[in-house]
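What follows is a short report on a single structure.
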Amino acid sequence: MPQLTDEFKGLDFKSETYKDAYSRINAIVIEGEQEAHENYITLAQLLPESHDELIRLSKMESRHKKGFEACGRNLEVTPDLEFAKEFFSGLHQNFQTAAAEGKVVTCLLIQSLIIECFAIAAYNIYIPVADAFARKITEGVVKEEYSHLNFGEVWLKENFTEAKAELELANRQNLPIVWRMLNQVEGDAHTMAMEKDALVEDFMIQYGEALSNIGFTTRDIMRLSAYGLIA
Ligand code: Y39
Ligand code: FE
Ligand code: FE
Ligand code: FE
């Protein structure tokens with residue numbers, strides 16, 4: 001498919017308006033990749049039988065981080081990492097608490113389902129409206145995010161009976177946080193030509209498919225998804 005050249009998208013990647021929005025969205029992605037790197041190291045300790053595979057995923061996450069740092073430098077944007085740390089603090093805290101309690105199901109729901117689906121939705125929506133440099137990087141990254149989501153799906157499917165109750169509780173505690181996160185970046189995403197409706201739609205499709213692959217019924221998925229609405 002022919003790619004639109006940058007000027008045809010009607011976005012001025014060098015404008016102060018675009019760069020200001022990018023300083024926050026780029027920081028979110030950099031911080032998210034850093035936290036994903038750390039989360040997979042933690043998961044490797046919690047799941048010794050999958051240790052090597054999870055370390056491999058953690059290394060991919062640090063490569064993703066480096067790629068997105070390059071995207072920021074390319075546009076001469078300084079990422080607002082303080083904003084990004086605050087942005088992730090809710091999910092970060094819940095992951096840390098679950099890990100300390102050895103709740104591997106909750107950790108997998110937060111990182112491998114919720115955060116990976118959020119990343120896949122955001123990257124898919126970003127690719128067609130990204131500058132040429134960032135588009136190439138993001139296309140490479142999103143392919144790998146599907147494999148991270150797949151790890152969580154396979155493990156949770158194999159352990160579905162024992163995991164089901166904990167998954168429901170973890171979904172209820174964490175899905176509303178994602179909606180609040182999306183609301184927080186709606187304006188910046190819009191400046192970058194990423195519409196909130198499209199982000200929500202893509203997220204719900206990925207997340208619903210993941211829940212279905214794990215073993216939840218359509219009825220369960222409707223109920224689980226509804227918790228997002230009480231954000
Ligand atoms: O597994 C991963 O690599 C995920 C950590 C990265 C998170 C990406 C978060 C993207 C949210 C961007 C919001 C833009 C509207
Ligand atoms: Fe990643
Ligand atoms: Fe930390
Ligand atoms: Fe990932």
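The values are calculated or read from the model by the stated rules, or taken from the named source; none is laboratory data. Here the structure is a predicted model, which means the values were calculated and not measured. Reconstructed Cβ throughout: ideal geometry from the backbone, glycine too, with neighbour counts over all protein chains shown. Side chains included, ligands, DNA and RNA excluded: accessible areas come from the protein's heavy atoms. Shrake-Rupley method; radii C 1.70, N 1.55, O 1.52, S 1.80 Å.
Among residues belonging to segment 1-39 that are within 25 Å of E145 (Cα to Cα) and modelled with pLDDT under 95, point out the one that is most open to solvent (accessible area, probe 1.4 Å).
Looking at the filtered set, the residue picked out is M1.
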Boolean, E86 is part of a helix (DSSP H, G or I), closer than 26 Å to A170 by Cα, within 15 Å of ligand 4 (Cβ to nearest atom) and among the charged types (D, E, K, R): no
Set A193, A163, A189: member being in contact (Cβ under 8 Å) with a residue 24 or more places away in the chain and under 11 Å from V105 (Cβ atoms): A163
Top-ranked residue of segment 70-80 - restricted to ones that are surrounded by fewer than 16 Cβ atoms within 10 Å (Cβ to Cβ) and part of a helix (DSSP H, G or I), ranked as nearest to ligand 1 (Cβ to nearest atom): A70
Residues that are within 16 Å of ligand 4 (Cβ to nearest atom) and in contact (Cβ under 8 Å) with a residue 40 or more places away in the chain, drawn from segment 10-46: I28, V29, I30, E31, G32, E35, A36, N39, Y40, T42, L43
Residue in segment 48-55 that is within 14 Å of ligand 4 (Cβ to nearest atom), touching a helix residue (DSSP H, G or I) at 6+ places or on another chain (Cβ under 8 Å) and open to solvent by less than 10 Å² (accessible area, probe 1.4 Å) present: yes
Options E158, E145: the member that is away from ligand 2 (no atom under 16 Å from the Cβ), within 18 Å of E53 (Cα to Cα) and at pLDDT 95 or above: E158
Residue match in segment 11-18 (condition: within 16 Å of ligand 1 (Cβ to nearest atom) and not basic (K, R)): yes
A84 among the aliphatic types (A, V, I, L, M), within 13 Å of E35 (Cβ to Cβ) and at pLDDT 95 or above: yes
Residue match in segment 95-104 (condition: away from ligand 4 (no atom under 16 Å from the Cβ), surrounded by fewer than 18 Cβ atoms within 10 Å (Cβ to Cβ) and within 18 Å of the chain's Cα centre (by Cα)): yes
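Yes or no, residue by residue, for (1) small (G, A, S); (2) farther than 30 Å from G215 by Cβ; (3) in contact (Cβ under 8 Å) with a residue 60 or more places away in the chain; (4) touching a Lys or Arg at 6+ places or on another chain (Cβ under 7 Å):
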{"residue": "E53", "(1), (2), (3), (4)": "no, no, yes, no"}
{"residue": "R56", "(1), (2), (3), (4)": "no, no, no, no"}
{"residue": "A70", "(1), (2), (3), (4)": "yes, yes, yes, no"}
{"residue": "H92", "(1), (2), (3), (4)": "no, no, no, no"}
{"residue": "I110", "(1), (2), (3), (4)": "no, no, yes, no"}
{"residue": "V142", "(1), (2), (3), (4)": "no, no, no, no"}
